[in-house]
Amino acid sequence: MIQKSIEEVKFEEAKKLVQELISIGTFNENISIVASVGLNSAEELTSVSAASGSRKSLLMLYSSFTEALVKILMEDHNCECNIFALVESAAEGATKGYNDFKKKEKEITDENN
């Protein structure tokens, strides 16, 4: 049996915290949450992301989160390329989320027929 590294164990704990946060948002209509946690490896970034809240509040949180990301990225590398990279990442994520949603929606429709 392969022993998990401390980072892998902590990542599992963080994933559980994401689930707990989303539960809080789900059962408390005035609490909106966007949570994401990632574990870097040599090959890839393994991530878990989730959100709970109204469309309006989630978009407001996204705006706040994006603002914080820009500030962090600019502190590390003061260049407009950070804005372009952020917009590109957002577009990739939006496209993937849309495609995944449509695929799941089609599977549900096919199951019901």
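Here SER52, SER47, SER57, SER63 are screened, and the one residue that is in contact with a Ser or Thr (Cβ under 7 Å, 6 or more places away or on another chain), without any contact (Cβ under 8 Å) to a residue 24 or more places away in the chain and among the hydroxyl-bearing types (Ser, Thr, Tyr) is SER47.
Only residues that are free of Cβ contacts under 8 Å to residues at least 24 places away in the same chain and more than 28 Å from SER63 (Cβ to Cβ) were counted in the range 5-33, giving 6.
Computed from the coordinates by the stated procedures, all read-outs in this text should not be read as laboratory data. This structure is a prediction, so every number in the text was calculated from the model and none was measured. Counting neighbours? That spans all protein chains shown, and the Cβs are built from the backbone with ideal geometry, glycine included.
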